[in-house]
Amino acid sequence: MSGEQRLEGLVLRSTPLGESDRLITVLSAGQGLVRLAAPGARKPKSSMAAAVPLALLHLQVGGRGDLKRVRQLSVQRNFAALAERLESLAAAQGLAEQTLLLVPSGDAVEGVLEDLLLQLARLELVVKERQANVEALAIAVQGVVHLLALGGYALPLACCARSGAALDPPLGNWEWRCSLLPGEGFVIGGVAGAQLVLNASELALLQRLLRPALPRRRDGELMGPLPVWLRLLQLVELWSREHLGRSPRSWRLLRQCFADGASS
């Protein structure tokens, strides 16, 4: 970035900078992650006060040096309503953290911003329509599956990592198993050293998460009970930790929402 420029992006992270400024990390479609200084953003009446996480902004930036400064901004969309429910906020924060792990600075990854905005909009509906908490968990898991695929770390859900046989889970066969070895992929059968073992139904549900929509029954109810969605969250955490070095901290908070009995 050089000179005065305009860009649109979603604020993923904000930290204090100096006495009254903020350092924001913005995900843009054309430039990937961009770090910017928002002068005076921590002052309540500042025109920069809207530079907060989960706000989609239109920005005019400029200045010298590596750290550009926000000159002007306008809010295109704000997902602040997600804070009304802890599980929706934790899901959104986790997806933002996952994006920060996947997208390099100054290098766009096609489709990431679009998919992330789609998942945030779905989480917003969970809040507005008072949907069951498990919906937020399912959106988070599917969002991670999509982000991993877009970022080049897709879950290898087509073939057994050792035999090469198709991963075609036989629904109704409750003896069938598939093991996750994060360093290799999925292996048919119960394998020693596996960090997670799925049955046929769980693997089939995971495979369906590659599609645009969440898997639902004919009556519109979400497929899969809460314990299965928590297992799939654990699975994407393990995969992220193995291939990206760590996983989002917000997933611990998301799990706690259900551990405390807030799964209505």
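The values are calculated or read from the model by the stated rules, or taken from the named source; none is laboratory data. Small disclaimer: the values here were computed from a predicted structure and weren't measured. We place every Cβ from the backbone using ideal geometry, glycine too, and count neighbours over all the protein chains shown. Remember, those area values only see protein heavy atoms, side chains included, never the ligands or the DNA or RNA. Shrake-Rupley method; radii C 1.70, N 1.55, O 1.52, S 1.80 Å.
What to note about this one:
- Residue within segment 129-145 that is farther than 19 Å from Leu205 by Cβ and polar (S, T, N, Q) present: no
- Options Gly183, Gly143; residue that is of a type outside the set (Val, Ile, Thr), under 25 Å from the mean Cα position of the chain (by Cα) and modelled with pLDDT under 95: Gly183
- Close pairs from segment 228-247: first closer than 22 Å to Val103 by Cα, partner surrounded by fewer than 22 Cβ atoms within 10 Å (Cβ to Cβ) and of a type in the set (Ser, Thr, Tyr), Cβ under 6 Å, at least 6 apart: His243/Tyr153
- Residue within segment 133-140 that is over 26 Å from Thr25 (Cα atoms) and among the β-branched types (Val, Ile, Thr) present: yes
- In the condition set (1) closer than 22 Å to Leu148 by Cβ; (2) open to solvent by 30 Å² or more (accessible area, probe 1.4 Å); (3) modelled with pLDDT of 95 or more; (4) among the hydroxyl-bearing types (Ser, Thr, Tyr), Ser105 is compliant with all but (3).
- Odd one out for Ala81, checked against (1) at positive phi; (2) over 16 Å from the mean Cα position of the chain (by Cα): (1)
- In summary, strands (runs of 3 or more DSSP E) completely within segment 17-78 and bearing 2 or more residues that are open to solvent by 20 Å² or more (accessible area, probe 1.4 Å) and more than 26 Å from Leu89 (Cα to Cα) occur at 68-78.
- Here Val141 meets the list (1) open to solvent by 40 Å² or more (accessible area, probe 1.4 Å); (2) part of a helix (DSSP H, G or I) almost entirely, failing just condition (1).
- Subset tally (residues that are touching a strand residue (DSSP E or B) at 6+ places or on another chain (Cβ under 9 Å) and open to solvent by 30 Å² or more (accessible area, probe 1.4 Å)) for segment 116-130: 1
- Per-region count, segment 79-103, residues touching a Leu at 6+ places or on another chain (Cβ under 7 Å) and not in a helix (DSSP H, G or I): 2
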